[in-house]
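All remarks here apply to the structure that follows.
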Amino acid sequence: MTMTKRWYVLVLWLCASAVEAHHSVSAWFDTTSMVEVEGRVTDFRWQNPHVMFTLEVADAAGAAVPWAIETLSISGISRWGITQDLFKVGDRLRVAGNPARKDSRNIFVRNILLPGGREIVLGGAARWSNDTLRGSELLQAKEGDGSRPDLGLFRTWSTGSANGVLFPEAVTANFDFGKYPLTPAARAVLMKYDFAADDPTADCKPKGMPTIMEQPYPMQVVQSGATLEFRLEEYDSRRIVHMDATGAAAVANAPPSLLGYSVGRWDGATLVVTTTKSSWGHFDSVGIPLTKDAVLVERFTPSADGARLDYVLTVTDAATFTRPVELRKSWIWRPEVSIGKFECQRAAR
C-alpha cells in the first residue's frame, strides 16, 4: 500500500477545527459520502468520546428501522454552546452525515435539523435552515487573558483555535510522513498499520506519553509538595512530575507505565520535564511506533503576562528516528474555562 493510499484510509473528518478532530472518524465512516434521514429520537446518550442517539426511521416499506447516530465528544461540543437540552427522546429530527463502512444505518452526523427549524452545523455548510448553531462560530478564542501574570504556569490552560497541532499527521490529509526521520524498521511498522484494527484508543483505552499531549481539552497544572501534577481532561489523565532529588533518583527503579516516569527542573521561568519508561508504544495515534527506550524532553514556557503557554517536545528514540524530533504547540489562558470529567464510555460497533 502506498503512503498516499494508506493515508486516504486514515484521513480524518475535520469538524469545524482540526484541534477537535482527535478521534479518527474515517476509520469507521465513509467521509466521501453523505446520507440524509429523518426520524424520531428513541435513545440519547450524552457521553464521551462520542455523543450518540438513535433515530427510528421508516424504510421503503414503511417499517420502523433504527439508525445509530454519532457525533463528537461532550468535551468538544458543549464548549461550542451545543448542549444536551437542544433535543430529547421523542423529538423528530432530520440528520445528514457520513455512513459507517460496515453498517450504512450508522451515521457520523454533520447536520441536525431541530424540531423548531434551527440547524446544528458541525462543520461545513448548512443544508436546510438560515437559523444555525455553528460549532465553527463558537470555537475557543485565539488569544489568552493576560490579567494574571502572577499565576505563572499554575492555572488551567486551553487549546485555542490558533495554537497549532502537536501531531499534524493526525489531522492532515495526505500527510507526508517523509517529514519524519523514520528508521527503516519504524517505516515498516507504519506501512503495516491498519487504523480500523490497530487504533490504540479503541474501547476507551487511554493515551500514553507522548500522544496524550495532543489532547485539545483543558489542562490544569498544580503544585503539591515536591511534585507537579498535569491534570488532562481527555481520559481524565494525571501526569506526575517529580521535582526533587529523591524523585529523580527513583528513575532507575521505576516500572514502565503509559505516562512514563517524569522528572522536572526549572530553567528560569521554563519548566523542563524529562520523561522515560513510557510503555505506550506509540509516538502518535496513526501508526508511528515508539519504544520504551525513548526519551521525551518537554519545555513549558509561560508568557510574561500569563496569556500563553509555549510548548516544545523533543523525542529521542534511536529505534524509531534517525535523529531527535521536535514538535511544538501552545495553550492560552481563559479564566472562565475549567477541567471537566471525560468519563469515556465504550461505543458499540
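For the range 126-264, the Kirkwood hydrodynamic radius from C-alpha pairs, put into Stokes-Einstein at 4 °C and a viscosity of 1.567 mPa s, yields a diffusion coefficient of 69 µm² per second. Could you list the residues of the range 319-341 with an amide nitrogen less than 17 Å from a label point located 7 Å from the Cα of residue 238 in the Cα-to-C-beta direction? The answer is 339-341. Would you please classify the overall shape of the range 72-131 from the alpha carbon gyration tensor, given that a ≥ b ≥ c denote the square roots of the eigenvalues, rounded means a/c under 1.5, and beyond that prolate means a/b larger than b/c while oblate covers the rest? Note, shape of the range 72-131 comes out rounded.
Take every DSSP beta bridge whose two residues both sit in the range 50-184; close to 75 percent of them are antiparallel. Over the chain, with every protein chain in place, what whole percent of the accessible area is carbon and sulfur at 1.4 Å, could you tell me? Heavy-atom surface of the chain belonging to carbon and sulfur, 1.4 Å probe: 51 percent. With protein chains left intact and a 1.4 Å probe, residues in the chain average 43 Å² of accessible area per residue. Just checking the listed ones, 62, 39, 90: in the Gaussian network model of the chain with Cα springs under 10 Å, the one fluctuating most is 62. Once both labels are positioned 7 Å from their Cα atoms along Cα-to-Cβ, the gap between residue 328 and residue 61 label points is 6.2 nm.
Computed with the Debye formula from one identical point scatterer per Cα of the chain, without solvent, the log10 of I(q)/I(0) at q = 0.12, 0.13 Å⁻¹ comes to -0.91, -1.05. Working from label points 7 Å from Cα in the Cα-to-Cβ sense, the residue 92 to residue 33 distance is 2.7 nm. Projected label points at residue 224 and residue 245, each 7 Å from Cα along the beta carbon direction, are separated by 2.5 nanometres.
The lysines within cross-link reach of residue 341, meaning a Cα-to-Cα straight distance under 20 Å and a gap of 8 or more places when in the same chain, are 205, 207. By the rule of a C-alpha distance below 16 Å, with chain neighbours fewer than 8 residues away ignored, the lysines paired with residue 142 are 329. When the chain is treated as a GNM with alpha-carbon contacts under 10 Å, the residue of 125, 250, 60 showing the greatest mean-square fluctuation is 60.
The values are calculated or read from the model by the stated rules, or taken from the named source; none is laboratory data. Quick caveat, the model's predicted, so the values are computed rather than measured. Counting neighbours? That spans all protein chains shown, and the Cβs are built from the backbone with ideal geometry, glycine included. Keep in mind that these areas ignore ligands, DNA and RNA; they rest on the heavy atoms of the full protein, side chains included. Shrake-Rupley method; radii C 1.70, N 1.55, O 1.52, S 1.80 Å.
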